[in-house]
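J.: Structure provided below as C-alpha cells; questions to follow.
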Amino acid sequence: MDDMYRKAVDAAAIFSETDLNGRITYVNEQFCEVSGYPREELLGANHRILNSGFHPPEFFIGMWRTIAQGQVWKGEICNRGKDGTVYWVDSTMVPLVDESTGEVRKYLSIRFDVSEKRQLLHTLQWRVGHDVLTGLPNRTYLSELLNRALEFSRAEAIPLAVCMLDLDGFKAVNDGYGHASGDLLLIEVAKRLKGIMRGEDVVARLAGDEFVLIMRHVRDADELRGAMQRVLAAISQPYTVCDKTLSVCASIGVTLYPPDNEDAGTLLRHADQAMYVAKQSGRNRFHLFDVLKGREIKATHQQVERVRQALAAGELCLHYQPKVNMRTGEVVGFEGLLRWQHPKKGLVQPADFLPVIEQTDLIIDIGEWVIAQAIEQMHAWQGQGAHWPISVNIAARHFQRADFVERLKVLLARHADVAPEKLDLEIIESTAIENMQHVSQCLKACQALGVRFSLDDFGTGYSSLSYLKRLPTQTIKIDKSFVRDILHDKDDLALTIAVVGLARAFGRKVIAEGLESEAQGSLLMHLGCEVAQGYFIARPMPIRDVASWVASFKPPTAWLHQACA
C-alpha cells in the first residue's frame, strides 16, 4: 500500500495485513493498543491468536471463503486481547488482487472498535427487558421467559408453577415513610426472592409491588407447599431500611401446569385470580388456582358472550301469552316472554340462558331491549286498532340501578302515543325485599310516569302485610305453584284464598298464572280471581300468531255459565 494512504488508514482505523496463509505481515499501532499485544508477537502469528470463542467455526469458514474468492467481507467480530479482555470490532476484509494474474496476493483488514457502541446497545436492550430498580426481568421480558419455560415443560413433560406475588402492607410503607423507602424495600424483597429461587427458576417484577415466580420441577402439592412457605417466611422477616425496621408480608396465587394446560398469558391471569383469593382469605398465605372452577367460569363467560352476540345479531325475540278475564272471555292483555331463536338449536327457553347473565350487566341491556320491544309492539297494535297492555319481567340487577327511572323515561319517549299505563313491569317478591326502601321509591317514581307494576311470585318468599303496604304495586300475581295443585292440596287452596283476600283488602288486582285446566279456572273465579293466564288458555306465541288466536279464542261454556250464575 502506498505510504501516504497507509498513514491515513493508520490514523483512522485498526489496520493489519495478512498473507494468503493467514499469517499477519503488518499491524499498525492502534491494532497493538486495542489487542494488548506488542507488534513482535503479532507479526508472523495467525489471527486465531485473537479468537474469543464467541463465534462458531462456521463463522470464520464463511469469512475466509469469501475473501479467498476475491470478494470483500464485512461484519462485526468479537476478539479477545492479551489480558483476556473481550472487545468488538467492525471489520472490513479486503483481498488485494494482482491485476496481471487476477490472483489474490494478500488481505487487508480495516477495523473500528465498536465495544462502547455494543455495550450501549446491550445496556439499552437490557433496560427494555429489565426493571431498572430491582434488576429483575420486567413484564416484557417475563412474557418471553414464561413462553420458553412453558415450551420446555411441554416438550420434556416437566411440571411448572406460575406464581403471582403481591406485598401486603407495602402501601403503608410508601405512605408512612415515602417512596424512596418503598423503593429500597422493593430492592430488598427482590434480593430475598432471588436468594431462595433455584438457578433455573425465574423471578420477575411486573409493576409496583407485584412479582412473578416461575418455578420448574414442582412435582407435587407437598413440594409446592414447602416452596411457598419458604417464600412467605422470607418475605415476612423484618427489613432494615434507612435505620427503620419495616415489615410486610405477601399474598401468593399459584397455578400449575399441566393441570392448568393454558397459554402463558392465561396462566398469569389464573395466578393473579388465585392471588386475590389469597388476599381475601386473610393475606400472608398462598392459594392454588382451582382449574375446574376456572373452567366453569370460562364456560360461563363464553355463554354470556354468546348471549351478548345473540342480542346484537337480533336472535332474541318476545313471545306473547294472553291474559284473559275468565268471566267475560275478554283478552285483557299479554305478557311478553323472552325467547332465543338460536340459529342451530332452534327456540331456546329463557331458563336455559338467563341464569348465567342475571348477575352481569348484560341483563340490563336485555331488560331495556325487552321494554323497548313491548312499547314498540303496543305502538304497532294501536295502529291496528288494538289497545292491549303488555307486561314484562324486570330482573333485580336491572330494577335496582340508580338510573332505572331516567332510562325508562327515554324508552317511553320513543313512542309518546303509547300510554305509559299500558306498560306493566313485573318484579318478583325477592327482588322487592332485597332493598325495600330503594324499590319502594323507584316504584313510586315509575308510577308517577304512569307505568304500572305487578308483584310476581307472591307468597313464594317472605310475604308479609308490611310488604304489601310499602310496595304500591297495582297487581298481585298468584304463583303457578299454588294454582297447579289448588284442586287437591288444601294448603295451596288456603294460600290462594289468603292471597285473593289480601289483594282485596289492599285494593289490588289479582291474576293467576299457570292455569292448566277448566276446573282450576272455575275454582279461581269462585274464590274471586277473574283474570288468569296459562297453557289451558294459550301457550306463549310469536307475534305473527296473536291476531288469529284472539279472533278464534272462545272461553269454556262452564266459565260463561258461572259468570251468569
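The values are calculated or read from the model by the stated rules, or taken from the named source; none is laboratory data. Predicted model, so just to flag it, every value in this text is computed and none were measured. Counting neighbours? That spans all protein chains shown, and the Cβs are built from the backbone with ideal geometry, glycine included.
J.: What tally of residues in segment 44-61 results from selecting those that are loosely packed, with under 14 Cβ neighbours inside 10 Å, touching a strand residue (DSSP E or B) at 6+ places or on another chain (Cβ under 8 Å) and closer than 26 Å to ASP98 by Cα?
T.: Of the residues in that region, 2 qualify.
J.: Can you tell me how many residues within segment 304-326 are basic (Lys, Arg) and buried (at least 21 other Cβ atoms within 10 Å of the Cβ)?
T.: In the first step, residues of segment 304-326 are kept if they are basic (Lys, Arg); the result is 306, 308, 323.
Filter once more, keeping what is buried (at least 21 other Cβ atoms within 10 Å of the Cβ): 323.
Summing the residues that are basic (Lys, Arg) and buried (at least 21 other Cβ atoms within 10 Å of the Cβ) in segment 304-326 gives 1.
J.: With respect to VAL483, is the statement that it is modelled with pLDDT of 90 or more and either assigned by the TED database to the domain that holds GLN520 or on the phi > 0 side of the Ramachandran plot (or both) true?
T.: yes
J.: For segment 520-565, which positions are of a type in the set (Ser, Thr, Tyr) and in contact (Cβ under 8 Å) with a residue 12 or more places away in the chain?
T.: Going through segment 520-565, the residues of a type in the set (Ser, Thr, Tyr) turn out to be 522, 535, 548, 552, 557.
Hits for segment 520-565 are SER522, TYR535.
J.: While we're here: How about segment 163-222: which of its residues are farther than 21 Å from SER281 by Cα, of a type in the set (Asp, Glu) and in contact with a Phe, Trp or Tyr (Cβ under 7 Å, 6 or more places away or on another chain)?
T.: Matches in segment 163-222: GLU188 only.
J.: While we're here: Can you list the helices (runs of 4 or more DSSP H) found entirely within segment 115-218 that contain at least 2 residues being under 18 Å from LEU256 (Cα atoms)? Working first, answer last.
T.: Values: elements: 115-129, 139-156, 170-177, 179-196.
Ranges flagged: 139-156.
J.: I would also like to ask the following. Among the residues of segment 313-340, write down those that are touching a residue at least 12 places away in the same chain (Cβ under 8 Å) and out of contact with any strand residue (DSSP E or B) (no Cβ under 8 Å at 6 or more places or on another chain). Can you show your working first?
T.: Let us first name the residues in segment 313-340 that are touching a residue at least 12 places away in the same chain (Cβ under 8 Å), namely 315-329, 331-340.
Result: ARG327, THR328, GLY329.
J.: Checking ILE24 against (1) more than 60 Å from the chain's Cα centre (by Cα); (2) at pLDDT below 90: exactly one of these is not met. Which one?
T.: (2) is the only condition that ILE24 fails.
J.: Separate question: Is it fair to say VAL356 is in contact (Cβ under 8 Å) with a residue 40 or more places away in the chain, closer than 21 Å to CYS317 by Cβ and under 35 Å from the mean Cα position of the chain (by Cα)?
T.: Details: in contact (Cβ under 8 Å) with a residue 40 or more places away in the chain: yes; closer than 21 Å to CYS317 by Cβ: yes; under 35 Å from the mean Cα position of the chain (by Cα): yes.
Criteria met by VAL356.
J.: Looking only at residues in segment 17-43 that are among the charged types (D, E, K, R) and more than 22 Å from GLU103 (Cβ to Cβ), which one is surrounded by the fewest Cβ atoms within 10 Å (Cβ to Cβ)? Walk me through how you get there before you give the answer.
T.: Taking segment 17-43 as the starting set, the residues that turn out to be among the charged types (D, E, K, R) are 17, 19, 23, 29, 33, 39-41.
Right, trim to more than 22 Å from GLU103 (Cβ to Cβ) and you get 29, 33, 39-41.
Working: GLU29: 12, GLU33: 12, ARG39: 13, GLU40: 9, GLU41: 15.
Step by step, filter segment 17-43, then rank; the result is GLU40.
J.: Might you let me know whether segment 390-406 holds any residue that is over 23 Å from ASP456 (Cα atoms) and either touching a Cys at 6+ places or on another chain (Cβ under 8 Å) or free of Cβ contacts under 8 Å to residues at least 40 places away in the same chain (or both)? Show your work before the answer.
T.: Quick first cut of segment 390-406, residues over 23 Å from ASP456 (Cα atoms) only: 406.
Now drop any that are not either touching a Cys at 6+ places or on another chain (Cβ under 8 Å) or free of Cβ contacts under 8 Å to residues at least 40 places away in the same chain (or both), which leaves 406.
Yes, some residue in segment 390-406 is over 23 Å from ASP456 (Cα atoms) and either touching a Cys at 6+ places or on another chain (Cβ under 8 Å) or free of Cβ contacts under 8 Å to residues at least 40 places away in the same chain (or both).
J.: Now a separate question. Given the conditions (1) exposed (fewer than 13 other Cβ atoms within 10 Å of the Cβ); (2) closer than 21 Å to ASP272 by Cα, report the number of the one that ASP131 does not fulfil.
T.: Only one criterion is unmet by ASP131, namely (1).
J.: Shifting gears a bit: Taking ARG80 as meeting all but one of (1) farther than 18 Å from PHE112 by Cα; (2) of a type in the set (Lys, Arg); (3) touching a Phe, Trp or Tyr at 6+ places or on another chain (Cβ under 9 Å), write down the number of the exception.
T.: Here ARG80 meets the rest and fails (1).
J.: When segment 192-206 is examined, which residues are found to be out of contact with any Leu (no Cβ under 8 Å at 6 or more places or on another chain) and either without any contact (Cβ under 8 Å) to a residue 40 or more places away in the chain or at positive phi (or both)? If you could, list the steps in order and put the result at the bottom.
T.: Initially, segment 192-206 is screened for residues out of contact with any Leu (no Cβ under 8 Å at 6 or more places or on another chain), giving 192, 195-196, 198-200.
Of everything in segment 192-206, those that are out of contact with any Leu (no Cβ under 8 Å at 6 or more places or on another chain) and either without any contact (Cβ under 8 Å) to a residue 40 or more places away in the chain or at positive phi (or both) turn out to be GLY195, ILE196, ARG198, GLY199, GLU200.
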